[in-house]
Every structure is written in C-alpha cells, then in structure tokens.
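Please find one structure pasted underneath; my questions will follow.
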Amino acid sequence: MNQPIQAQFSAPPRDSSIGGLLLESGKITPENAERVLRMQKELGIRFGEAAQRLGLVSEADIQQVLARQFDYPYLQPGDNTYPAELVAAYQPFSQQVERLRAVRSQLMLRWFARGRKALVVAGVNSGDGVSLFAANLAIVFSQLGEHTLLADANLRTPRQHDIFKLQNRQGLSDVLAGRAELDAITKVDSFLSLSVLGAGTLPPNPQELLSRNTFGNLNAQLEQRYDVVLYDAPAFTVGSDLLALAARAGGVLLVARKNHTPLAEVAALSEQLAQSGAEVVGSVLVDY
C-alpha cells in the first residue's frame, strides 16, 4: 500500500531587502516599487537611491530600514514613545551618540573585556545628568547586541521608570526586601537586547538595603543573566548609598555636567570610592 506523501509547507522567508522593508513599513506601495525598480535598472543605482530620486522616501526612511537590516534598532523622530533627550533612541548617527559609542568602546576595553559585568554610573550632585546618561549608555550597549540590564539603584529619586515609560509598582527595592522576584524586570520592546529594573517602592532605608549581602547575591544573579549590568546611582551628596553600591558592584563610571559640577568634587569622590574598594573606571563630561 502506498504511503501518503506528507509535504511540509512553510511561509516564505521575510524579505529583508531595502525594497522589502520599505514595502513592509508602508513607506512605498507595490505600484511605486515597480517604478523604483525600473529606474534602478535604467540608471544602475541602488533601490534606496532610486526611491529617493522619485521623491517617495526620505533619507531618514532609508537610514531606518538600513538599521533594521543590520539589527541596529532606533526610533523615528516624531515617535513620542520616549523623551527626546534619549538621543541614542532617536538620533543614532549624531555626534552626541558617536561620543556615547566612544565611551562604550572604552568601557568594553577597560572593564568588560576583563570579565566584569556590573558597572555603577554615578555623579556628585543631583542634576549632573546621571540618569539620562545611564539610559542612553544602556541603549548603545544593547544596540551592540549585548544583553543589557539598566537597574535604577537611585532609591531616593528614581527616574528610569519615567524615562522608559514603565510602571514602578515593584523594582529593585522590592527584590532586595524579598517582596518581589526578578520578573519585576521589564524588557524594552523597542530595543530587543535591553531590559530595565525600576527602583520600585521607595524605602525608608535605601543605604541599608544596598549594603546587605542580599544586594551582592542579586548582583551575582544578574551578572549570570546579562552581558552588561548598569546601575543608575543616586548622587553622592544625598547620602552614602553610592559607596555601598559601588563596593558591591566593583566599578564606577563618574558623570560630571559641564558648567555645573566642580571638578574638584569629582576628584574628591573618586578618592572616596577608591577607599571603599571600588574602581573608578573612568569619567565623562556631559552637556545636557
């Protein structure tokens, strides 16, 4: 008796060409795609260039689909998902983000290449721009393909849940207090390799929470799960939370704001961190 032939059918592979991505995103219609293909063939130019010459797409549209081709996600200007100050999300080809990538490269060489996973991002005073810098830095690490966690360890005046438009019902403080598990971590849909752990409930004893062995144990778990773990720390002038956090995480990147942070205070903080057993991996000057 003849056996029935079992055929397996699968969906056609997704078209990841420039033309396919422009069609998928609705930037051009199938009819306009035919026009582009004719010009491309006649002039011997790239599909994207032909589409631009015909006035069908902008340079920003082409950059967006190129980023998708190379798994380099970013958002279109005008998308109000996040604050505009999150420049790594909206302006990945700007000089400001190029400087962020330079910082990322230095950190990869000086810190993460040594097998380290956790790094505290900190400043001397409130208003030094630490939270915003940490958020942008986390994005550029995720764009590199590194599985990145941004943890808001500012248990006094947290900002990451506002920056990434997340609910802050449970977070780091709740995990440290044994009131929540690691499912409090939120994966950021816009950036596949980025996750955020908000600060959670504001505790009356932030310094004590960060000083306990519980934090060291949690950090070890996070280092096993992620390639890069960035902690957004509270300003040193509001309490000694930073020293406790740095001693557990091991490394600190100091952030100073141009025309705002006295460099003498940065140097003094660097000395105190070294005395606490933490390594100051570097310092950056921001202008926002």
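So, counting K/R as plus one and D/E as minus one, what does the shell of residues with Cβ under 9 Å around Val140 add up to?
Computed value for this residue: +2.
Each residue of the range 21-38 in turn: what ³J(HN,Hα) in whole Hz from Karplus with 6.51, -1.76, 1.60 and θ = phi - 60°, glycine and Pro shown as x?
My calculation for the range 21-38 gives 6, 5, 5, 4, 7, x, 6, 9, 8, x, 5, 5, 4, 5, 4, 5, 4, 5 Hz in order.
Sort the following peptides by mean Cβ neighbour count (other Cβ atoms within 10 Å, averaged over residues), highest first: 266-279, 171-184. Mind dumping the intermediate values first?
Numbers: 266-279: 15.7, 171-184: 17.8.
Going from most to least packed, we get 171-184, 266-279.
Show which aspartates and glutamates lie in cross-link reach of Lys41 when reach means a straight Cα distance below 19 angstrom and same-chain residues fewer than eight apart are skipped.
Within the straight-line cut-off, Lys41 pairs with Glu31, Glu49.
Let a ≥ b ≥ c be the square roots of the eigenvalues of the Cα gyration tensor of the range 87-286; is it rounded (a/c under 1.5), or, if not, prolate (a/b larger than b/c) or oblate? Before the final figure, lay out the partial values.
Working: a/c = 1.36, a/b = 1.06, b/c = 1.29.
Since a/c stays below 1.5, the shape of the range 87-286 is classed as rounded.
Could you give the angle, 0 to 90 degrees to the nearest 10, between helix 95-110's Cα long axis and the longest principal axis of the Cα atoms of the chain?
The helix 95-110 is inclined about 60 degrees to the chain.
Could you let me know the centre-to-centre spacing of the range 138-155 and the range 236-259, using Cα atoms, in angstrom?
Cα centroid to Cα centroid, the span is 17 Å.
Can you sort Lys27, Lys187 by how many other beta carbons sit within 10 Å, fewest first?
Values: Lys27 17, Lys187 11.
Going from least to most buried by this count: Lys187, Lys27.
Which lysines have a Cα lying under 20 Å from the Cα of Lys258, excluding residues fewer than 8 positions away in the same chain?
Candidates past the 8-residue exclusion: nothing left.
What does the charge add up to near Ile163, with Lys and Arg as +1, Asp and Glu as -1, over the other residues with Cβ less than 10 Å from its Cβ? Intermediate values should be presented prior to the final figure.
Values: positive: Arg159, Lys165; negative: Glu85, Asp152, Asp162, Asp232.
The answer is -2.
Please report the antiparallel percentage of DSSP beta bridges with both residues in the chain, rounded to the nearest 5. Numbers along the way, then the final one.
On the way: 2 of 25 bridges.
Around 10 percent antiparallel, to the nearest 5.
Among Asn219, Asn32, Asn125, whose mean-square fluctuation peaks in a Gaussian network model of the chain (Cα, cutoff 10 Å)?
Fluctuation is largest for Asn32.
Spin-label point model (7 Å from Cα, Cβ direction): what's the Glu208 to Asp227 distance in nm?
4.0 nm
Rule-based calculations on the coordinates, nothing more; no lab input. The structure presented is a predicted model; accordingly, all values stated were derived computationally and were not measured. Methodologically, a virtual Cβ is constructed for each residue, glycine included, from the backbone with ideal geometry; neighbour enumeration extends over all protein chains shown.
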